Amino acid sequence: SAQHFLLQLASWAESYRRRRSFVLLLIDDLGLVAGAGTDARHDLLSLLVHGPGRGIWPLVTVNADRAAGMLDWLDHFHTRIFGRTGQPALVEALAGTPGGDLDQLLPGVQYALQRPHGWLRFWIPAISQERSES
């Protein structure tokens, strides 16, 4: 189960001693995990706070409709990438600055990263289904 995996990963992080390995912890919808049992939430919080220093890098997605209720969890993430949202107040709450025209991003392919001097937009490149023959 996911809760057991978080426990094992937190234990691994506790015993981490400058290994050359690292882990990317991918969580699709942080709200689902943050709503889990007390032990799982504790292990996840420990991974968010101490994981990067021990070789565990969390990458999470958050449902925009539930993000406002998760600000305590999101405070542990310093880099935030935004997709299209029609909720300027939410973007301002999460980014600390107005989101400008993030409602103009193309859904699923265009994203924005907050930088000190404004927003950096980028695209996810299309993956061609056809292979070129040499």
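A few points about this structure:
- Candidates are the residues of the range 86-112 that are modelled with pLDDT under 80 and among the polar types (S, T, N, Q); the one that is surrounded by the fewest Cβ atoms within 10 Å (Cβ to Cβ) is Thr97.
- Test: residue in the range 59-66 that is at pLDDT 80 or above, in contact with an Asp or Glu (Cβ under 8 Å, 6 or more places away or on another chain) and open to solvent by 70 Å² or more (accessible area, probe 1.4 Å): no
- Those residues of the range 1-41 which are open to solvent by 50 Å² or more (accessible area, probe 1.4 Å), part of a loop (DSSP other than H, G, I, E, B) and within 21 Å of His78 (Cα to Cα), in sequence order: Phe22, Asp28
- Residue satisfying all of: in the range 76-85; closer than 17 Å to His117 by Cα and part of a loop (DSSP other than H, G, I, E, B); modelled with the lowest pLDDT among these: His78
- Conditions (1) buried (at least 17 other Cβ atoms within 10 Å of the Cβ); (2) more than 16 Å from the chain's Cα centre (by Cα); number of the one not met by Leu44: (2)
- Pairing residues of the range 80-94 that are of a type in the set (Lys, Arg) with residues that are open to solvent by 60 Å² or more (accessible area, probe 1.4 Å) and part of a loop (DSSP other than H, G, I, E, B), at Cβ distances under 6 Å and at least 6 apart in sequence or on separate chains, gives Arg84/Pro107.
- Yes/no for Leu45 being closer than 30 Å to Pro88 by Cβ and assigned to a helix (DSSP H, G or I): yes
- Flag if Thr79 is hydroxyl-bearing (Ser, Thr, Tyr), surrounded by fewer than 12 Cβ atoms within 10 Å (Cβ to Cβ), out of contact with any Asp or Glu (no Cβ under 8 Å at 6 or more places or on another chain) and within 17 Å of Ala10 (Cα to Cα): no
The values are calculated or read from the model by the stated rules, or taken from the named source; none is laboratory data. Everything numeric in this text was worked out from a predicted model, so none of it was measured. FYI the Cβ positions are ideal-geometry reconstructions off the backbone, even for glycines, and counts take in every protein chain you see. Just so you know, the surface numbers come from the protein's heavy atoms only, side chains and all, with ligands and any DNA or RNA stripped out. Shrake-Rupley method; radii C 1.70, N 1.55, O 1.52, S 1.80 Å.
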